[in-house]
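One structure is given below, encoded as structure tokens.
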Amino acid sequence: MKDIILTGDRPTGNLHLGHYIGSLKKRIELQDEGNYEKYYVMIADTQALTDNAQNVDKVKNNIIQVAIDYISAGIDPSKVKIFIQSMVSPLHEFTSYFMNLVTLSRLQRNPTIKEEIKQRGFETSLPIGFINYPISQAADILAFGTTIAPVGGDQLPMFEQAREIVQSFNNTYQPSEEIFVMPKAIVSENKAFQRLPGLDGKLKMSKSAGNSIYLCDDTETVKEKVMKAYTDANHIKVTDPGQIEGNVVFTYLDAFSKPAHFAMFLPEYKNLEELKNHYRRGGLGDVKVKKFLINVLEDFLSPIREKRKQCLNHIDDIYNMLFENSRQASIDANARLEKMKDAMGLNYKKFLK
Ligand code: TRP
């Protein structure tokens, strides 16, 4: 059986290198392999509102930004249906019924939710919608019969929750045919890429931490950011031995440099291993490594910027595409919703003679 792929992001800001290496890259690979029956990428505006109720404009304006980021990075709208969550109303119905199958204490144990509650200072002012979002995300995933989802590492608990809902639904309603498929998250094998560290070397790259390089950053911005990036606090003089672990400049090189970049920009070294060894030994300055990283990132980002420019001339077409895809996604989700309600016994039309 071919895969049904669904994944997505919250439109709270532009996508950054962490998004790319954590999941976009894999999404594009899966797209190019072409071994799927359907492929959806959802812009999760409803989910974004669960901690942005007062910021509807921010969420609304970022929908097109995220769509442009997707297309510029290589998501091909002729192969992948990008749609808007809030325009697919059956998802809310799935959520309502799933809410009866999950306990509050189960949601409170979700490790991603726990961390996000802390980050947002929600301990005493937790919106119900926010703690409920793993259920609404399960609805996104299950409504389409998703088999696999390329996502960042922090999304794993959401898939566990979705699988539990499938089990609970089956135990509760004993459907005579399979309605929901067990979904599987696909994450990068490299732990550092699952949550790429930010420029500060502390937190993961995220909009709220202000430590990100965005796919839409211009050359000057990328230069400035890389020059300020955290390396190794004990590598003070060029001659000092340096540490690679926890050094974000090397983490980014792991993620983005290719063997050909050495011949292009730093021919004194054959490959990244050689560069790392020199840094460890001492005698290699941060500025030289950072300049190389700037070249590597420029090589990666320039075509994305070019595509972005083209997209900016087709905003109406992109919106129309999103609306049409959302309409089609609603049809797909509705088909499964009807089956679900039938299996639950919510089929009152049977009372009619
Ligand atoms: N939780 C995801 C994020 O934080 C967005 C998302 C919503 C999602 N629904 C989804 C991802 C379904 C994968 C599948 O960006």
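The values are calculated or read from the model by the stated rules, or taken from the named source; none is laboratory data. This one's a predicted model, so the numbers in the text were calculated from it and none came from an experiment. Here Cβ is always computed from backbone atoms with ideal geometry, including for glycine, and neighbour counts include all displayed protein chains. With ligands, DNA and RNA removed, areas are computed over all heavy atoms of the protein, side chains included. Shrake-Rupley method; radii C 1.70, N 1.55, O 1.52, S 1.80 Å.
Exactly one residue among F180, F193, F169 is open to solvent by less than 20 Å² (accessible area, probe 1.4 Å), outside any loop (DSSP other than H, G, I, E, B) and not β-branched (V, I, T), and that residue is F169.
Say whether the condition of being closer than 30 Å to I331 by Cα and either at pLDDT below 95 or in contact with a strand residue (DSSP E or B) (Cβ under 8 Å, 6 or more places away or on another chain) (or both) is met by at least one residue in region 199-213. The answer is no; no qualifying residue exists.
So that you can scan it fast, the table gives a plain yes or no per residue for (1) more than 14 Å from the ligand (Cβ to nearest atom); (2) closer than 22 Å to N313 by Cβ:
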position	(1), (2)
T12	no, no
L15	no, yes
L24	no, no
R27	no, no
G34	yes, no
E37	yes, no
A48	no, no
Y70	no, yes
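Residues in region 29-70 that are closer than 23 Å to V187 by Cα and open to solvent by 20 Å² or more (accessible area, probe 1.4 Å): E29, D32, E33, G34, N35, Y36, E37, K38.
Within region 217-229, the set of residues being surrounded by fewer than 18 Cβ atoms within 10 Å (Cβ to Cβ) and in a loop (DSSP other than H, G, I, E, B) comprises D218, K228. Of all the residues in region 222-254, those that are among the hydrophobic types (A, V, I, L, M, F, W, C) and free of Cβ contacts under 8 Å to residues at least 24 places away in the same chain number 2. When region 1-10 is limited to residues that are in contact (Cβ under 8 Å) with a residue 60 or more places away in the chain and either within 14 Å of D76 (Cβ to Cβ) or more than 15 Å from the chain's Cα centre (by Cα) (or both), the one that is nearest to the ligand (Cβ to nearest atom) turns out to be I5. Scanning region 124-156 for residues that are within 12 Å of the ligand (Cβ to nearest atom), open to solvent by 10 Å² or more (accessible area, probe 1.4 Å) and without any contact (Cβ under 8 Å) to a residue 60 or more places away in the chain returns D154, Q155, L156. Residues considered: E115, E164. Of these, the only one that is outside any loop (DSSP other than H, G, I, E, B), within 15 Å of the ligand (Cβ to nearest atom), within 24 Å of S23 (Cα to Cα) and of a type in the set (D, E, K, R) is E115.
Out of region 1-28, which residues are of a type in the set (A, V, I, L, M, F, W, C) and open to solvent by 40 Å² or more (accessible area, probe 1.4 Å)?
If we filter region 1-28 for residues that are of a type in the set (A, V, I, L, M, F, W, C), which is where we start, we get 1, 4-6, 15, 17, 21, 24, 28.
M1, the sole residue that qualifies.
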